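Structure first, then comments.
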Ligand SMILES: [Zn+2]
């Protein structure tokens, strides 16, 4: 059992932070259990610089950042169409006629989940 320690600085929501551990996953890669700080009010988790550095290195090593592409929005009827480049489709395992869940996470950011 990890001893809980309340930290002197606060979460964005004003809640108190405590040391904890979390399962870290980015881009579908499991980075294992890492130290983090968690807000006792809203549950937000913050990873330390050291952990973020480690994750960034691993992502670079695996070439995931290299998959970034610029695509142009086109149109089909009333919908806008964004083409998924073949490299990204291949990496993500998206195939023709797959179902995708799409939702905005902030004003200038849309996320997609492939429904398996
Ligand atoms: Zn919070």
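Quick note: the coordinates plus some simple rules give every number you see, no bench work behind them. Since the model is a prediction, treat every value here as computed from it, not as a measurement. Ideal geometry is used to build each Cβ from the backbone, glycine not excepted, and the neighbour counts take in all protein chains shown.
For the chain, the spherically averaged projection of the C-alpha convex hull amounts to 10.2 nm². Maximal additional length on extending the residue 65-residue 19 stretch stands at 13.6 nm, based on 0.36 nm per residue less the C-alpha distance.
Would you kindly state how much longer the chain becomes between residue 51 and residue 78 on full extension, computed as 0.36 nm times their sequence separation minus their alpha carbon distance, in nm to one decimal?
Values: separation 27, 0.36 × 27 = 9.72 nm, distance 4.36 nm.
Length difference between fully extended and current span is 5.4 nm.
By the beta-carbon count within 10 Å of each Cβ, the least crowded to most crowded order of 54, 87, fewest first, is 87, 54.
Taking only Cα atoms, what is the 0 to 90° angle, nearest 10, from helix 49-61's long axis to the longest principal axis of the chain? So the helix axis and the longest Cα principal axis differ by about 30 degrees. What is the stretch 6-65 by shape, rounded, prolate or oblate, if you read a ≥ b ≥ c off the alpha carbon gyration tensor as root eigenvalues and call it rounded for a/c under 1.5, prolate for a/b larger than b/c, and oblate otherwise? Verdict is prolate for the stretch 6-65.
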